[in-house]
Each structure stands twice: as structure tokens, then as C-alpha cells.
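Student: Let me give you the structure first, and then I'll get to my questions.
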Amino acid sequence: CLRDGAWDVRCATVQILTQLVPTCQPYILPLLPDVLANIADIKATLRKAVAQCVEVCFVVMGDKSGVVQSIIDHSLGSRDMNQRSESLLFLLQPFVWTNIR
């Protein structure tokens with residue numbers, strides 16, 4: 001569903017995953033690359049949902065390094081320039097650095 005052609009399906013999936021992060025942490029981290037693939041989508045609603053999901057991961061998950069590594073590997077390492085720039089902008093947000101400790 002995270003790679004579905006319809007943006008609203010992807011958005012709903014990301015929103016559901018965001019709600020599941022607190023209770024299903026070990027199962028969410030492997031899905032982060034697919035979540036992050038939507039960070040540069042043309043739809044602002046989907047980009048916001050992705051940002052909220054990753055923010056919840058930062059706050060809730062004990063393995064913050066895994067979240068950061070996923071962003072580096074799958075977003076900053078992307079061949080898509082738009083995805084790299086959106087990921088960099090995301091990483092520059094203050095909440096990322098306040099929750100990374």
C-alpha cells in the first residue's frame with residue numbers, strides 16, 4: 001500500500017502506521033524506507049503524514065539511530081534529487097535534533 005499509485009491510499013497507510021508505532025515498534029522500522037519514499041510526493045497531505053510518522057518514530061522508538069540510518073540510506077541516498085532535498089529539509093527541522101538524544 002505504501003507504493004500504491006493512488007496518493008490517498010499511501011496517505012491512509014502512513015497514517016495507520018503512525019498510530020501503530022507505539023505498540024508495534026519492531027515491525028515499523030523495516031517499513032520506514034517505503035514510508036520515506038513518499039516524503040517528496042507532490043501532495044502536501046502525504047508529505048505531512050510522512051513527517052508525522054517519522055516524528056512519532058523519533059519520539060517513541062528507542063532505536064533512534066535506526067530511524068536516522070533509514071533516512072540517510074533510503075532518502076538522502078536516493079537517486080531522486082527531489083527526495084534528497086525534501087529529506088534534508090526534514091532532517092533540519094528542530095524536533096529531529098531535540099528528539100535524537
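The values are calculated or read from the model by the stated rules, or taken from the named source; none is laboratory data. Computed from a predicted structure; not experimentally measured. Counting neighbours? That spans all protein chains shown, and the Cβs are built from the backbone with ideal geometry, glycine included. In case anyone asks, the SASA skips ligands and DNA or RNA and just uses the protein heavy atoms, side chains included. Shrake-Rupley method; radii C 1.70, N 1.55, O 1.52, S 1.80 Å.
Student: Grab the DSSP H runs of the chain that are 4 residues or longer, score each as -39,500 (n - 2.57), total them, divide by all residues and round the 222 nm result to the nearest 500 deg cm²/dmol. Mind dumping the intermediate values first?
Tutor: Numbers: 7 runs with 65 residues, N = 101.
My calculation for the chain gives -18500 deg cm²/dmol from helical runs alone.
Student: Step through the residues of segment 26-39 one at a time and calculate ³J(HN,Hα) from phi using the Karplus curve (6.51 cos²θ - 1.76 cosθ + 1.60, θ = phi - 60°), rounding each to whole Hz and writing x for Gly and Pro.
Tutor: Here the 3J(HN,Hα) series is x, 8, 7, 3, x, 8, 4, x, 6, 5, 5, 4, 9, 5 Hz.
Student: Separation between the Gln52 and Cys24 pseudo-spin-labels, each 7 Å from Cα along Cα→Cβ, expressed in nm?
Tutor: With each label placed 7 Å out from Cα toward Cβ, I get 1.7 nm.
Student: For segment 13-81, which trypsin sites (Lys or Arg not before Pro) are in a loop by DSSP, counting at most 13 other Cβ atoms within 10 Å?
Tutor: Working: sites: Lys43, Arg47, Lys48, Lys64, Arg79; in loops: Lys43, Arg79.
Listed in order of number, the matching sites are Lys43, Arg79.
Student: Just to make sure I understand: if all protein chains stay in place, what is the order of Asp41, Asp4 by accessible area at 1.4 Å, largest first?
Tutor: In descending accessible area the options line up as Asp4, Asp41.
Student: Can you give me the accessible area per residue for the chain, using a 1.4 Å probe, in Å²?
Tutor: Per-residue value: 56 Å².
Student: Could you work out the relative contact order of the chain, using alpha carbon pairs under 8 angstrom and six or more residues apart, expressed as a whole percent?
Tutor: About 27 percent, as a whole number.
Student: How far apart, in nanometres, would the label points at Ile72 and Ile16 be if each is projected 7 angstrom from Cα along the Cα-to-Cβ direction?
Tutor: Each label point lies 7 Å from its Cα, and together they span 3.2 nm.
Student: Accessible area of segment 3-101 with a 1.4 Å probe: how many percent of it is carbon plus sulfur?
Tutor: Working: 3250 of 5540 Å².
Heavy-atom surface of segment 3-101 belonging to carbon and sulfur, 1.4 Å probe: 59 percent.
Student: How do Val68, Val9, Val59, Val50 rank by accessible surface area computed with a 1.4 Å probe, from largest to smallest?
Tutor: Per-residue accessible area, sorted high to low, gives Val59, Val9, Val68, Val50.
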